[in-house]
1. Conditions: (1) small (Gly, Ala, Ser); (2) within 16 Å of ligand 1 (Cβ to nearest atom); (3) part of a strand (DSSP E or B). GLY125 meets all but one. Number of the miss?
2. Test ILE239 against the criterion of being in a helix (DSSP H, G or I) and within 16 Å of ligand 2 (Cβ to nearest atom), and give yes or no.
3. Being within 16 Å of LEU228 (Cβ to Cβ), touching a residue at least 60 places away in the same chain (Cβ under 8 Å), touching a Ser or Thr at 6+ places or on another chain (Cβ under 8 Å) and more than 15 Å from ligand 1 (Cβ to nearest atom) is the requirement here; does LEU288 meet it?
4. Please name all residue pairs, on different chains or six or more residues apart, with Cβ atoms under 9 Å, provided the first residue is in region 112-137 and is closer than 17 Å to ASP160 by Cβ and the second residue is basic (Lys, Arg) and modelled with pLDDT under 95.
5. For region 264-317, how many residues meet the condition of being outside any loop (DSSP other than H, G, I, E, B) and on the phi > 0 side of the Ramachandran plot?
6. In the set GLU261, GLU204, which member is within 16 Å of ligand 1 (Cβ to nearest atom), more than 27 Å from VAL147 (Cα to Cα) and not in a helix (DSSP H, G or I)?
7. Filtering region 159-175 down to residues that are surrounded by 24 or more Cβ atoms within 10 Å (Cβ to Cβ) and within 16 Å of ligand 1 (Cβ to nearest atom), which residue is farthest from ILE99 (Cα to Cα)?
8. Test GLU231 against the criterion of being assigned to a helix (DSSP H, G or I) and either surrounded by 15 or more Cβ atoms within 10 Å (Cβ to Cβ) or assigned by TED's automatic domain parsing to the domain that holds SER97 (or both), and give yes or no.
Amino acid sequence: MKKLRASSKVGHNSKIGHNSQMGQNSKMGHNSKMGHGLWMGHDLNIGGRSAGKCLLALGLTCALSLGLVSCGQKDAAKTDTLKIGLTVYDDSDTFLSQITEEIRSRAKEDSGPMKITVSAKGADGSQRTQDEQVEELIASGCNILFVNLVDRTDPSNIIDLARDNNVPIIFYNRELVKEDLMQWDKLYYVGAKAGQSAELQGQEIAAYIAAHPEVDSNGDGKIQYVMLKGEPGHQDAIIRSEKVVETLLAEGVELDKLSYEVANWSRAQAENRTSQLISEYHGQIELLISNNDDMALGAMDAYDQSNMTQNGRPAIFGIDGTKETLEAIRAGKVQGTVMNDATGQADAMMDLAERIFQGKDLSKLPLLNGKYIYIDYTIPQEN
Ligand code: BGC
Ligand code: CA
């Protein structure tokens, strides 16, 4: 197989350190995962390209000799098995774990005359680890890759590897820029439109406030709110944060922003940040808007830990529609969410992968510009 070439852009990773959205945020340093990403950028700058390349090659050799690879040994003559190699930015992410599970169960269902295997890896928030994983997955004979990028601005190594070995990639959830997706005709993206989730979240919140005027607990006609944001630089964090406010204003809700915190999609980080907000603002927070469900649950945990009475709690809204959040809504601890359709996204990826593998016409699929599939968000009945 072809490995990363001398011309490959390992040094390119240094972009992580300079990336305006990522580098700018002083809070990133506290996040161990992203901190690792920053460190990697610097390391590669110091060590130079060849050092990065050697490490990568060494990593691959070790992986092969330890038998860590799991797509099955490459056998050019045998193409009756669809071997999916999947790598996800962090396998502890709740929503993405749901997608992986859905992919596994679809693969099981569809395994018949066509055999399907899935080998999945988590990149622990390191783009370099993910680049190595892609190299291993290709070396072990995977014929389609599902890639959830760590750094959505840095797919170049992965694209080079896939193109050199003629292995199509379906990127998902963390959307790369169009120019990168256009680099080769066997690159695709499956995801959802962040703006749509924010509009639905905004409409839900407006409807909830209209039905529950007591949300404005100090009665000043404005809603004092805080926001919990996902990873800086992630399209969903950026767009959801802007658009939900726009929607609320368009719905005629008067807003008074108290603060925002970055909690990187994480329940634990959200609990920690919300505890700080509670001690800073006491009972003043009337609405807590979260970019995803796990952070909404973290906020709920923080209120559970505080000695705040039910009256002193804000209305809490997330996005994703995870099982645990739907339960929390039924229990009255979270007020609403938006369904991010993990099943629909996994199905779209599998439909696309199977058709590509079998050489079937892709025009039957809802592909935008021959490249993109976006699955709609919906409002769950629990709200
Ligand atoms: C989801 C988050 C998830 C993130 C990971 C978003 O679309 O709403 O829950 O953590 O993707 O990339
Ligand atoms: Ca108020």
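1. With (1) small (Gly, Ala, Ser); (2) within 16 Å of ligand 1 (Cβ to nearest atom); (3) part of a strand (DSSP E or B) applied to GLY125, the lone miss is (3).
2. On the way: in a helix (DSSP H, G or I): yes; within 16 Å of ligand 2 (Cβ to nearest atom): no.
Spelling it out, it is not the case that ILE239 is in a helix (DSSP H, G or I) and within 16 Å of ligand 2 (Cβ to nearest atom).
3. Values: within 16 Å of LEU228 (Cβ to Cβ): yes; touching a residue at least 60 places away in the same chain (Cβ under 8 Å): yes; touching a Ser or Thr at 6+ places or on another chain (Cβ under 8 Å): yes; more than 15 Å from ligand 1 (Cβ to nearest atom): yes.
Spelling it out, LEU288 is indeed within 16 Å of LEU228 (Cβ to Cβ), touching a residue at least 60 places away in the same chain (Cβ under 8 Å), touching a Ser or Thr at 6+ places or on another chain (Cβ under 8 Å) and more than 15 Å from ligand 1 (Cβ to nearest atom).
4. GLU135/LYS3
5. We begin by selecting, within region 264-317, every residue outside any loop (DSSP other than H, G, I, E, B); these are 267-284, 287-290, 293-305, 310-312, 315-317.
Filter once more, so that each one left must be on the phi > 0 side of the Ramachandran plot: 282.
Of the residues in region 264-317, 1 are outside any loop (DSSP other than H, G, I, E, B) and on the phi > 0 side of the Ramachandran plot.
6. Details: GLU204 fails: not in a helix (DSSP H, G or I).
Testing whether each residue is within 16 Å of ligand 1 (Cβ to nearest atom), more than 27 Å from VAL147 (Cα to Cα) and not in a helix (DSSP H, G or I) leaves just GLU261.
7. It comes out as PHE171.
8. Values: assigned to a helix (DSSP H, G or I): no; either surrounded by 15 or more Cβ atoms within 10 Å (Cβ to Cβ) or assigned by TED's automatic domain parsing to the domain that holds SER97 (or both): yes.
Spelling it out, it is not the case that GLU231 is assigned to a helix (DSSP H, G or I) and either surrounded by 15 or more Cβ atoms within 10 Å (Cβ to Cβ) or assigned by TED's automatic domain parsing to the domain that holds SER97 (or both).
The values are calculated or read from the model by the stated rules, or taken from the named source; none is laboratory data. From a predicted model like this one, the values you see are computed outputs, not experimental measurements. Every residue, glycine among them, receives a Cβ derived from its backbone with ideal geometry; neighbour counts consider all protein chains shown.
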